[in-house]
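The values are calculated or read from the model by the stated rules, or taken from the named source; none is laboratory data. Not measured: the values here are computed from a predicted model. Backbone-built Cβ (ideal geometry, glycine too); neighbour counts: all protein chains shown. SASA here: full protein model, heavy atoms, side chains in, ligands and nucleic acids out. Shrake-Rupley method; radii C 1.70, N 1.55, O 1.52, S 1.80 Å.
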Amino acid sequence: MNRFFISESDIQSEQVVLGKRQAHQIRNVLRMNKGDRIVVLDNTGYEYEVVLTEIKKDRVLGQTEQKRPAAGEPQVRLTLYQSLLSRDKFELVLQKCTEVGVSRFVPVITQRSLVRDADTVTPNKLARWQRIITEAAEQSHRGRIPELAEPLNFADSLSGLAEFDLRLIASPNAGWQPQASPEQSRRTEIGDGRTEQGTLRSALCKAPKSVAILIGPEGGFTDEEIQIAQDAGALTVSLGPRILRTETASIVTAALILYELGNINSY
């Protein structure tokens with residue numbers, strides 16, 4: 001069934017009201033009829049199975065038949081601090097990382113970012129990004145729409161890291177060791193920001209409830225940025241001996257973290 005996020009206030013007792021944007025989708029794109037079924041989500045982690053009772057140009061009415069917890073939300077809260085990229089690449093990160101399970105996006109301006117001024121991120125651009133996130137959340141059966149913060153300078157973004165159980169910063173220069181055995185991974189100690197193959201697994205074995213991952217721009221973070229992130233409590237991590245594009249690194253890192261924590265739902 002097609003899925004739509006709506007405001008909690010649009011669910012009134014057993015009646016559901018969908019506004020003009022959803023009405024256009026239901027009436028003109030999906031060409032649905034009275035009696036057809038959809039799923040609506042109130043962005044609190046619940047979903048409602050709804051039978052359509054009225055379809056008009058500017059609104060759609062429905063009757064709720066079942067309320068249940070949405071199954072697509074991971075238990076861990078993963079926040080992605082993503083360096084601003086070119087439009088297509090940044091929007092790809094928003095879409096795919098929403099599908100994977102990221103809970104919050106923080107656009108970050110770094111020393112090597114293509115976008116160097118937060119003022120270039122206009123309200124219209126933020127609204128477009130929010131639509132991309134919402135549509136990806138609907139498509140991937142999320143129970144909540146990931147949050148989207150306004151852009152921050154790199155130094156300012158670090159002030160919020162203290163609230164996380166685990167803080168990671170990706171660096172292709174962090175070092176790489178061959179695959180460790182589970183026993184070796186468990187024995188690896190997390191030290192002063194030094195990175196080993198087992199560090200990510202060791203950190204995740206502590207079952208963090210909230211994780212922050214910082215992904216740099218094309219060319220990566222500068223040495224200075226990595227140092228101040230480490231000073232703020234972040235561990236440097238490497239994804240292996242191959243150099244990934246930044247948009248690839250974001251998707252892969254988010255997927256690995258959620259997989260290791262057992263929070264990706266399998267088909």
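Restricting region 1-18 to residues that are part of a loop (DSSP other than H, G, I, E, B) and open to solvent by 30 Å² or more (accessible area, probe 1.4 Å), the residue that is modelled with the lowest pLDDT is Ser13. Restricting Arg31, Arg37 to residues that are over 26 Å from the mean Cα position of the chain (by Cα), farther than 22 Å from Gly143 by Cβ and open to solvent by 60 Å² or more (accessible area, probe 1.4 Å) narrows the list to Arg31.
Entry remark, region 139-177: residues being in a helix (DSSP H, G or I) and surrounded by fewer than 17 Cβ atoms within 10 Å (Cβ to Cβ) number 7 in total. Selection over region 198-218 of residues that are open to solvent by 30 Å² or more (accessible area, probe 1.4 Å), within 22 Å of Thr246 (Cα to Cα) and either among the β-branched types (Val, Ile, Thr) or modelled with pLDDT under 85 (or both) gives a count of 2.
Listed by first and then second residue, the pairs with beta-carbon distance under 7 Å, at least 6 apart or on different chains, first residue in region 104-129 and in contact (Cβ under 8 Å) with a residue 40 or more places away in the chain, second among the basic types (Lys, Arg), are Ile109/Arg116.
Pairs meeting the criteria (first residue in region 155-167 and farther than 11 Å from Ile213 by Cα, second residue outside any loop (DSSP other than H, G, I, E, B) and not aliphatic (A, V, I, L, M), beta carbons under 8 Å, at least 6 apart or on different chains) are Ser157/Tyr81; Glu163/Ser210; Asp165/Ser210. Residue count for region 41-62 satisfying the condition of being surrounded by fewer than 20 Cβ atoms within 10 Å (Cβ to Cβ) and not in a strand (DSSP E or B): 7.
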